[in-house]
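Notes to accompany the following structure.
None of the figures in this text is laboratory data; all of them are computed from the coordinates on show. Computed from a predicted structure; not experimentally measured. Here the Cβ positions follow ideal geometry from the backbone for every residue, glycine too, while neighbour counts run over all protein chains shown.
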Amino acid sequence: MMIKHLIDGKSVDSKQVFETINPATGETLAEVARGGQAEVDAAVQAAKQAFPGWAGKPAAERARIMRKLGELITAHVPELSEIETRDTGQVIGQTKKALIPRAADNFHFFAEIAAHMDGESYQSDTGHLNYTLWQPVGVCALISPWNVPFMTATWKTAPCLALGNTAVLKMSELSPMTADRLGQLALEAGVPPGVLNIVHGYGTETGEPLVCHPDVRAISFTGSTATGNRIVQQAGLKKFSMELGGKSPFIVFDDADYDRALDAALFMIFSNNGERCTAGSRILVQRGIYDRFVADYVARAQRITVGDPMDPNTIIGPMISPQHKQKVEHYIALGQQEGARMLMGGSLPELPSHLRGGNWVAPTVFADVDNRMRIAQDEIFGPVPCLIPFTDEADALRIANESVYGLSSYVWTENTGRALRMAKSVEAGMVFVNSQNVRDLRQPFGGVKASGTGREGNHYSFEVFAEAKNVCLSY
Ligand code: NAD
C-alpha cells in the first residue's frame, strides 16, 4: 500500500518514501511519500488559491459540508478504527468506542459554532458604534503527534475549515494512515480541492518548511514541548496555539470516594497505553490511605491485559516505536536507580508469536517516589505511574505545582472547600474534581507553563483560527 500527499485535491507522489510500521507486530503497513520543501510549497500554494473561494462561501454552506464529513466518519468508524489501531497500537476498544467517534463529533460541533458565530457591539457616549467581525486567517498549518492522530487531526481541521480557513495538515511520520482517509472523505463530503491539503514526512524535512512558510498565517501544533519551543523560535510572526507535554498530578485526599478514585487513577495512566498528554502520571496520595491505596492499586494494575491491540479485551497495546519503547525502558531503569520502589513491571508479558516483533513494555508501577526524581519530573509517555505520598493540602499543592508542566490535574476529595481551593491554586489549564478526564467540547482545552499556550475548543479555537476585526462607525 502507498500513502501519498493530498495537494489541491490530487494524490501526489514524492521521489522518496518512508515506511509506517505496525507497532504491535513490526510489519510494514504502507510506504508513505516523504515530502520536503517542494511538496510543502505546492500544498501551501494550493491552500492559498483555495482560500478566497472557501472563505467567501456562506457559513451555513461550510457547516453543511462539515456535518457531511462528520456523517461519513461515523459511517466508517469500523474501518477507521482498525486502521488507527494498526498504525498506532492504540487498542481497538478505545479507537472504536471513543477516539474515532469523537472525530465525527468534532465536525458536528464546529459546524454549529461556525453557523452561529456572532460578533460583539459597543455603543459609546461619543457617538460611535463599534462592532466585531470574526474573519478567517488564511492558510493554517496543522501539525499532529502520533498518539491519537485522527482525533487530533480532526480537532484542528474541523474549526480551521468551519471558520473559513484553508489548511495544510502534517501528521506524525509514525502514524500517517487515517489522515489519508480523512483527506479522501473530505473530498467526498464536498470540501473543495485545495481547502484541505495533507503533506507527509519528517519533522525537520516537512514540518519545519511548513511552519516557516511565509504564506502560512497560523499554526496549530500538538506535540512535545521541545518541538513546540523550536517552532516558536523559527516560525516568525504568526498566530499559534501550542498543545504540548504534561506530567499531570492526580491528587487523592484521604476523604475521597476511594473506589472511584482508584478506578480513575488506573484509567488515567493505563488507557491509551499511557501515551496520553493528559495522563495522571503523578499519583499523589495522602498518608492516611497511602499504604492501602498502593496495595490496591498494584493488585488492580496486575490484572490489566497487555497484548494484541486488535483484541477488544486488551487494555494496553505496544509503544509506538522501538525508540519510544527504549525511552520508556530507560525511565523504568532510572526509577530504580533513583531509589523509587518498583512494585510491578520490568519483565515483559508472554505474547503470541505474531506479536513478538512489537514494541512491548510491561506496565510498571513505582511507589514512594520523591517528586524531585526525574521519573516524576519528565514526561515518560508510557504505562508508568509514580505514586507519591503527601501529608496535607499545602503539601499536595506544593508537590503538584513543582513541575515544569501544567496541562491537566485531578483532585479527589469530598470536602468542597478544599476542592475549590485546590482547583484555584493548582497550576494547570484543566482541573477535574472527582472525575477522570471527561471532555466537553465546549471547554477550553490547553495548558500552562511548559504544557503550552493558547486554548482550543468552542470559541477558544477562534484564538488561532480567526481574526477579530473591529469596525467603528460615527453617528
Ligand atoms: P513531536 O514534537 O516529536 O512531534 C509532533 C509533530 O511535530 C510530528 O508531526 C512531527 O513530525 C512534527 N515536528 C517535529 N519537528 C518539527 C519541526 N521542527 N517543525 C515542525 N514540525 C515538527 O511529538 P510526538 O512525539 O509526535 O508526540 C508526543 C508529544 O505530544 C508528547 O509530549 C505529548 O504530551 C504531546 N501531546 C500533547 C497533547 C496536548 O493536547 N497538549 C496531545 C497529544 C500529545
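Side notes on the structure shown:
- Note on segment 64-144: with charges restricted to the Cβ of Lys and Arg (+1) and Asp and Glu (-1), its dipole about the Cα centre is near 320 debye.
- Among Tyr297, Tyr202, a tally of other beta-carbon atoms within 10 Å of each Cβ gives an order, fewest to most, of Tyr202, Tyr297.
- Listed peptides 46-55, 466-475 by packing density, highest first (mean Cβ within 10 Å): 46-55, 466-475
- The angle between the Cα long axis of helix 258-270 and the longest principal axis of the Cα atoms of the chain comes to about 60 degrees, rounded to the nearest 10.
- Note on Arg442 and Glu82: with the Förster distance fixed at 22 Å, the Cβ-Cβ geometry gives a FRET efficiency of about 0.15.
- Cut-off 14 Å between beta-carbons: net charge of the residues surrounding Asp368, Lys and Arg +1, Asp and Glu -1: +1
- Helix 77-88 vs. the chain, principal-axis angle (Cα, 0 to 90°, nearest 10): 60 degrees
- Fraction of antiparallel bridges per DSSP, the chain only, in percent to nearest 5: 45 percent
- Around Lys48: net Lys/Arg minus Asp/Glu count, Cβ-Cβ under 12 Å: -2
- Under the simplified labelling scheme, the Tyr122-Tyr202 pair shows an inter-label distance of 5.0 nm, with each label point 7 Å from Cα along Cα→Cβ.
- In terms of other Cβ atoms within 10 Å, Ser353, Ser281 run from fewest to most in the order Ser353, Ser281.
- Cut-off 10 Å between beta-carbons: net charge of the residues surrounding Gly454, Lys and Arg +1, Asp and Glu -1: -1
- For the chain, the spread of Cα positions along each principal axis, largest first, Å: 68, 64, 39
- Inter-label distance for His354 and Ser474, nm, one decimal - labels placed 7 Å from Cα along Cα-to-Cβ: 7.7 nm
- Principal-axis analysis of the Cα atoms of the chain puts helix 322-338 at an angle of about 40° to the longest axis.
- Estimated dipole of segment 4-150 in Debye, rounded to 20 [Cβ of Lys and Arg +1, of Asp and Glu -1, Cα centre]: 220 debye
- Relative contact order for the chain, counting Cα pairs under 8 Å that sit 6 or more residues apart, in percent: 19 percent
- Distance from segment 42-68 to segment 145-161 (C-alpha centre basis), Å: 17 Å
- Label zone (Asp215, point 7 Å along Cα-to-C-beta; backbone nitrogen cut-off 12 Å) within segment 39-65: 39-52.
- Protection proxy ranking, highest mean first, for peptides 301-314, 433-446: 301-314, 433-446, where packing is the per-residue count of other beta-carbon atoms within 10 Å, averaged.
- Dipole magnitude for segment 280-407: about 180 debye, using +1 per Lys or Arg Cβ and -1 per Asp or Glu Cβ, origin at the Cα centre.
- Taking other Cβ atoms within 10 Å as a rough exposure proxy, Leu387, Leu187 sort from fewest to most as Leu187, Leu387.
- Were the residues from Arg300 through Leu334 laid out at 0.36 nm apart, the gain over their Cα-Cα distance would be 9.8 nm.
- Using the Cβ-Cβ distance between Glu402 and Arg341 with R0 set to 25 Å, the FRET efficiency works out to roughly 0.80.
- Bins of 5 Å from zero: percent of alpha-carbon pairs in segment 391-465: 3, 16, 23, 24, 17, 10, 5, 2, 0
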